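This report concerns only the one structure given below.
Each reported figure results from applying straightforward, stated rules to the coordinates on display, with no laboratory input. Remember, predicted model here, so these are calculated numbers, not experimental data. Note: ideal-geometry Cβ built from the backbone for every residue, glycine included; neighbour counts use all protein chains shown.
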Amino acid sequence: MRIRRNTYQKVCHQIASTIKKLVNDSEFSVLGLATGSTPIGIYEQLRKMDVDFKKTLTYNLDEYVGLDKSHPQSYKYFMNEHLFKHKEFHSNNFPDEKLCPYYDSMIDNSDGIDIQILGIGTNGHIAFNEPGTPRDSVTRIVDLTENTIKDNSRFFNSIDEVPTQARTMGIETIMKSKEIYLVAQGKHKKEILEKAMYGDITPEIPASFLQEHQNLKVYYSD
Ligand code: F6R
């Protein structure tokens, strides 16, 4: 497994260009999208590119429980701000209360995710699959760990406002993606990224399951 090192700017440009090529070359395309600070640069690049997403479906990895789409910290709000209000898509899906039970079959019926973008948590989570998540997990409701609540509290006025549950794609859902781009940005992510990519494959580090994916690209920038 090779970890590709480059500046954040270049990583984002490379991934955005790959997405552009997929979308332009396909009759119909399906993207799996992440929120958080990591993919912001990718969306910034996509906004500037000449790409028509009208035949592109998106599936976001996760969404908090209990935050309405008008809440600035909801992932729907985030995606609107960074991408969806700037570019018109065929449809944008989230594992919310309504779609969560059907999410995996919806993705299957769309013929699977062509490109999945992933960040990694400092505890090795991917999406909201926290340590201890089994390999065969699918989209479901989960409790967030203290570590994740603490990490995410920087976006809220106080830690008490951070939701304690989320709905998330499972490891199995993510592993079915045809191509995965895992991005870790910042020195605080270096150790966990190396553990996840070079250490044992274990539910204690959910990102370590990605080692078994046939089409994974991993990027690190300081
Ligand atoms: C977001 C998500 C999370 C983040 C991870 C890293 O949709 O699924 O797993 O990718 O927590 O977050 P950032 O990028 O903010 O460091």
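Give the residue list of chymotrypsin sites (Phe, Trp or Tyr not before Pro) in region 14-112 that are DSSP loop and have at most 14 other beta-carbon atoms within 10 angstrom. Please list the in-between numbers first.
Values: sites: Phe28, Tyr43, Phe53, Tyr59, Tyr64, Tyr75, Tyr77, Phe78, Phe84, Phe89, Tyr102, Tyr103; in loops: Phe28, Phe53, Phe89.
Answer by residue number: Phe28.
Got a sec? Charge dipole of the chain, +1 on Cβ for Lys and Arg, -1 for Asp and Glu; which of Ser105, Ser153, Thr164 is way out at the positive end?
Ser153
Using a Gaussian network model of the chain whose springs link C-alpha atoms within less than 10 Å, name the residue from Gly36, Gly132, Gly121 with the highest mean-square fluctuation.
Gly132
Relative contact order of region 63-222: what whole-number percent is it, with Cα pairs under 8 angstrom and at least 6 residues apart?
Here the relative contact order equals 26 percent.
Are there GluC sites (Glu not before Pro) in region 90-189 that DSSP marks as loop and that have at most 12 other Cβ atoms within 10 Å, and which are they? List each step's numbers first, then the result.
Working: sites: Glu97, Glu146, Glu161, Glu172, Glu179; in loops: Glu97.
Those satisfying the criteria are Glu97.
Output needed for region 137-181: three equivalent-ellipsoid semi-axes, defined as square roots of 5 times the C-alpha gyration tensor eigenvalues, in descending order, whole Å. Display every interim value, and only then the final one.
Working: eigenvalues 135, 29, 11 Å².
Square roots of five times the eigenvalues give 26, 12, 7 Å.
Based on alpha-carbon centroids, what's the gap between region 73-105 and region 8-52 in Å, whole number please?
Computed from Cα coordinates, the inter-centre distance equals 16 Å.
What is the count of Lys pairs in region 65-217 whose alpha carbons sit under 23 Å apart, if the two are 8 or more places apart or on different chains?
Here the count comes out as 22.
Report the dimensions of region 109-158 along its three principal axes from the alpha-carbon atoms, largest first, rounded to Å.
Computed over the Cα atoms, the extents are 41, 22, 18 Å.
Please give the peptides 186-195, 110-119 ranked by average Cβ packing (other Cβ atoms within 10 Å per residue), highest first, as a rough proxy for protection.
Numbers: 186-195: 14.9, 110-119: 20.5.
Result, highest mean Cβ count within 10 Å first: 110-119, 186-195.
Can you give the charge dipole size of region 1-113 about its Cα centre, rounded to the nearest 20 debye, using +1 on the beta carbon of Lys and Arg and -1 on the beta carbon of Asp and Glu?
Details: 15 positive and 15 negative charges, 137 e Å.
Once rounded to the nearest 20, the dipole reads 660 debye.
Please report the base-10 log of the normalised intensity I(q)/I(0) for the chain, using a Debye sum with one equal scatterer per alpha carbon and no solvent, at each q in 0.14, 0.16, 0.18 (1/Å).
-0.83, -1.13, -1.50
Identify which of Val51, Val138, Val183 has the largest mean-square fluctuation in a Gaussian network model of the chain, with springs joining Cα atoms closer than 10 Å.
Judging by the Gaussian network model, the answer is Val51.
With +1 on each Lys and Arg Cβ and -1 on each Asp and Glu Cβ, and nothing else charged, work out how big the dipole of the chain is about its Cα centre, in Debye to the nearest 20.
On the way: 27 positive and 31 negative charges, 181 e Å.
Roughly 860 debye for the chain.
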